[in-house]
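Where a number appears in this text, it was derived from the coordinates with a stated rule and is not lab data. Computed from a predicted model, the values in this text were never measured in an experiment. All Cβ positions, glycine included, derive from the backbone under ideal geometry; neighbour counts span all protein chains shown.
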Amino acid sequence: MTDDLKKVLNNSVSTISPYKKVGMWMYDDDKLNIKEELFIAGADIFLDIVSKGENSCKIIFSDLPFPDYDYSLIRESKIGGGYNYNVFYKEDTEKLITAWLCDVTTRYFNGKHPEALFVKAVN
């Protein structure tokens, strides 16, 4: 891990550790009292990609770009209780997929869905 990434990790980033249970991606966050929160509607496919076929991974994410991020997710449209995000690899302009993120996302960003997310997967 680079020194720049360590600095960012001490500031405005969050970390979750999604895992597959009965074929579905989910995660827990004891700090926010979240248990078995599901990833669906493209977010599960995104985790299949970033986990590289494993059944778990660690995700570092922020609403600000940070050194060595792997993916950017750009907010697109409101759907139900969440938003669709277009997923791009680093700074590529070709969209990989669209992933829907529910309102639980807002718990990490002061009650709002961020316009963009920057993500690093650590396996």
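Which FRET efficiency, nearest 0.05, do Ser14 and Glu94 yield, Cβ-Cβ r, R0 25 Å? Plugging the Cβ-Cβ distance into 1/(1 + (r/R0)^6) gives 0.40. Each of Lys31 and Ala116 was given a label point 7 Å from its Cα along the Cα-to-Cβ line. The distance between the two points is 2.3 nm.
Once the other residues with Cβ under 10 Å from the Cβ of Asn123 are scored (Lys, Arg +1; Asp, Glu -1), what is the net sum? Could the numbers behind the result be given before it?
Numbers: positive: Lys52, Lys58; negative: Glu54.
After counting each charged neighbour, the total is +1.
What range in the chain is the longest one free of GluC sites (Glu not before Pro) that are in a loop by DSSP and have at most 14 other Cβ atoms within 10 angstrom? Longest gap between qualifying sites, sites excluded: 1-53. Would you please state the base-10 log of I(q)/I(0) at q = 0.10, 0.21 1/Å for the chain, with intensities from the Debye formula using one equal scatterer on every alpha carbon? Values returned for q = 0.10, 0.21 Å⁻¹ are -0.28, -1.40. Taking trypsin sites (Lys or Arg not before Pro) across the range 58-123, the ones in a DSSP loop with at most 13 further Cβ atoms lying within 10 angstrom of their Cβ are Lys90, Lys95, Lys112. A dipole drawn for the chain from +1 and -1 charges on Cβ atoms has a positive end, and of Tyr83, Asn33, Ser14 the residue lying farthest that way is Asn33.
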